[in-house]
Amino acid sequence: MHRPEFPLPAVLAHRCGGTLAPENTLAGFVAAVTNGCRGVEFDVMLNGSASPVLIHDESLERTTNGYGPVAHTTDDVLFALDAGAWFDPRFAGEPVPSLDLAAARCQALGLAANIEIKPSRGTDAETAERVVRRVRTLWAATPDKVLLSSFSERALEIAATLAPGLRRGLLVEAVPADWLVRCRRLRAASLHADHRHLDPACVAAVREAGLWVATYTVNDPGRAATLFEWGVDCVITDRPDIVRPPRR
Ligand code: G3P
Ligand code: MG
């Protein structure tokens, strides 16, 4: 089956800048670019004002100086939090970015974006609707620079309906036996799996179905080279300073 070239860079920095900066912050974008990385993956969830924001956990404690569920924290409180000091005092004052701010910064830095729709529990439909509508607007001029992904198939279904022109990837840990049925139903362009569950035959089968293969979270350059040899199209890494794209 014909497989066009993967439209994003072959190496994406995980949660904006991997472990070079606090996760899901604008400082991460700068760290990625500074290390020669041209694309980023980040997580988007709705806060208590239904604004899409960059954060991984459903609660604020691990990555900010706030407390409680993201879904109950409104703009005025959330955007005043510090999302950098927990990582290193050098990053004190880094905010939790809105999706709008992230889009502007990615575009200014020339970064492609794999946007992971990460609904908090029970909010798959609302999160997908709001995130996809916003992405459609924010990347209207450069839709090829964005790839939506999610573990939530409900979110991907909604994305397919609201923005069929934006590419989508199905996120899984292990590759399920019915991966092709699921990807076809969602009209997904890519399958994103944990690299520990991939093998050459699985990568070949996904490629033969005309889909791209992305994998996470690959922090060893030798392992990344092996995965690229198998035919993986994209590696998501915490070490964008040392994991490099293949020479093709
Ligand atoms: O998109 C790949 C990866 O980010 C999925 O896992 O938990 O880091 O969002 P997680
Ligand atoms: Mg993620």
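Key figures
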item	result
Mean shadow area of the chain over all directions, Cα convex hull, nm²	12.3
Charge sum, other residues only, whose C-beta stays under 13 Å from Pro9's C-beta, Lys/Arg counted +1 and Asp/Glu -1	0
Cα pair distances exceeding 20 angstrom across the stretch 1-139, given as percent	44
Label-point separation in nm, Thr137 to Ala204, each point 7 Å along Cα→Cβ	4.8
Shape category assigned to the stretch 174-233 from the gyration tensor of Cα positions, a/c cut at 1.5	prolate
Potential extension, Arg223-Arg182 segment - 0.36 nm per residue separation minus Cα distance	12.0 nm
Helical mean residue ellipticity (222 nm; -39500 (n - 2.57) per DSSP H run of 4+; nearest 500) of the chain	-9000 deg cm²/dmol
Principal semi-axes in Å for the stretch 79-172 [√(5λ), Cα gyration tensor, largest first]	25, 17, 11
Surface share of carbon and sulfur [accessible, 1.4 angstrom probe, percent] for the stretch 1-117	55
Normalised contact order of the stretch 69-147, rounded percent, pairs of Cα under 8 Å and 6 or more residues apart	21
Label zone at Asp194, where the point sits 7 Å out along the Cα-to-Cβ direction: the stretch 2-22 residues whose backbone N lies under 16 Å	none
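The values are calculated or read from the model by the stated rules, or taken from the named source; none is laboratory data. Nothing here was measured: the structure is a model prediction, and the numbers come from that model. Reconstructed Cβ throughout: ideal geometry from the backbone, glycine too, with neighbour counts over all protein chains shown. These accessible areas exclude ligands, DNA and RNA; they are computed on the full protein's heavy atoms, side chains included. Shrake-Rupley method; radii C 1.70, N 1.55, O 1.52, S 1.80 Å.
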